[in-house]
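Chemist: Dumping the structure here so I can ask a few things about it.
The values are calculated or read from the model by the stated rules, or taken from the named source; none is laboratory data. Worth saying up front: this structure is predicted, and the values here are computed from it rather than measured. When we count neighbours, we look across all protein chains shown, and the Cβ atoms used for this are built from the backbone with ideal geometry, even at glycine. The area values use the complete protein model at the heavy-atom level, side chains included, leaving out ligands, DNA and RNA. Shrake-Rupley method; radii C 1.70, N 1.55, O 1.52, S 1.80 Å.
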Amino acid sequence: QVQLVESGGGLVQPGGSLRLSCVASGLLSSYIMRWYRQAPGKNRELVAQIHNLNNNTNYAVSVKDRFTISRDNAKNTVYLQMNSLKSEDTAVYYCNALNSNNGINYWGKGTLVTVSS
């Protein structure tokens, strides 16, 4: 069982930056780490992921070149650096850990990001 706790959300003006953190209760070396988001009235969408074997990253088109996902396995933490934020980035952001060996998923409870002037 892995518990994930997100932090770093808040209110930011358009064009601003935030860094989200996700701290895990266990080792993350076997997990593909992902950030999802869910805006009001919309489905949850995958924002970014980072692979555990080679640190390859993938991003949604809507955030590419603005968001950066990274991981520190020694600290059991994954980050999402969000720059040039837009109002449409407003959502609850969720951390997800996918075990690359057995396919089991774990979710955090989310952190709210509000982009507004």
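Chemist: Can you give the charge dipole size of the chain about its Cα centre, rounded to the nearest 20 debye, using +1 on the beta carbon of Lys and Arg and -1 on the beta carbon of Asp and Glu?
Modeler: So the dipole magnitude of the chain works out to roughly 40 debye.
Chemist: Let me ask something else. Between S100 and D65, what FRET efficiency follows from the Cβ-Cβ distance if R0 is 25 Å, with the result rounded to 0.05?
Modeler: The calculated FRET efficiency here is 0.40.
Chemist: Based on the Cβ-Cβ distance from Q38 to A74, what FRET efficiency comes out when R0 is 30 Å, to the nearest 0.05?
Modeler: On the way: r = 30 Å, r/R0 = 1.00.
Given R0 = 30 Å and the Cβ-Cβ separation, E is 0.50.
Chemist: Just to verify a number: what accessible area does S30 come out at with the full protein assembly present, 1.4 Å probe, Å² rounded to tens?
Modeler: The accessible area comes out at roughly 40 Å².
Chemist: Kindly write out, for the stretch 93-98 in residue order, the coupling ³J(HN,Hα) from the Karplus curve 6.51 cos²θ - 1.76 cosθ + 1.60 (θ = phi - 60°), rounded to whole Hz, with x marking Gly and Pro.
Modeler: Coupling constants for the stretch 93-98: 9, 10, 8, 9, 10, 10 Hz.
Chemist: Under 29 Å Cα-Cα from K86, which lysines qualify once same-chain neighbours fewer than 8 residues away are excluded?
Modeler: The qualifying lysines are K42, K64, K109.
Chemist: Can you give me the distance in nm between label points at L46 and Q81, each placed 7 Å from the Cα along the Cα-to-Cβ direction?
Modeler: Output for this residue pair reads 2.3 nm.
Chemist: Give the relative contact order (percent, whole number) for the chain; include only Cα pairs under 8 Å separated by 6+ residues.
Modeler: Working: 289 pairs, mean separation 42.9, N = 117.
It rounds to 37 percent for the chain.
Chemist: Another question, if that's okay. I need the Debye-formula profile for the chain: one equal scatterer per C-alpha, no solvent, reported as log10 I(q)/I(0) at q = 0.14, 0.19, 0.20 1/Å, two decimals.
Modeler: -0.51, -0.94, -1.04
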